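The values are calculated or read from the model by the stated rules, or taken from the named source; none is laboratory data. Small disclaimer: the values here were computed from a predicted structure and weren't measured. Quick reminder, even Gly has a Cβ in these numbers, built from the backbone with ideal geometry, and neighbours come from all protein chains shown. Accessible surface is based on the protein model in full, side chains and every heavy atom, while ligands, DNA and RNA are left aside. Shrake-Rupley method; radii C 1.70, N 1.55, O 1.52, S 1.80 Å.
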Amino acid sequence: LPLRMHCVRLLQQLAAAAGLFCPTAMMCVEMLESPDLKKKPIQSTEAPPNLHLMIRLGGAAKSSAKKDQPLATHGAMAAVVAEALHLIEREVEVYRYTLGLPEYL
């Protein structure tokens, strides 16, 4: 998921700089509909992952149980949801004044 978020962020920057429409909202919605986010989270004392510095979410886990389920902790789930919502907000900001997309108003 972090690599997908990086790609969405780059597409949004490219669309804003070029003045073109590049639909990325659906990719963000797909991240929010991930089956891993629907599972019950495991309580953990670890800090939530910094998704801006990661390429793969499962690589940072230290135990083998967490490597199988990278979104198992509450902090990881909250970080993914917050970043996906932030990307949707950026999508709306990029196309806010576009006449072709009045539903973003």
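3J(HN,Hα) couplings calculated from phi for the range 24-37 with the Karplus curve 6.51 cos²θ - 1.76 cosθ + 1.60 (θ = phi - 60°) are, in sequence order, 10, 5, 5, 5, 5, 5, 4, 5, 6, 8, 4, x, 5, 6 Hz; Gly and Pro show x.
Applied to the range 77-84, the Karplus parametrisation 6.51 cos²θ - 1.76 cosθ + 1.60 on θ = phi - 60° returns per-residue 3J(HN,Hα) values of 5, 5, 5, 5, 5, 5, 5, 5 Hz, with x for Gly and Pro. The residues of the range 1-53 present an accessible area of 69 Å² per residue when probed at 1.4 Å with all protein chains retained.
Summarising the label geometry, the points placed 7 Å from Cα in the beta-carbon direction at His6 and Ala18 lie 2.0 nm from one another.
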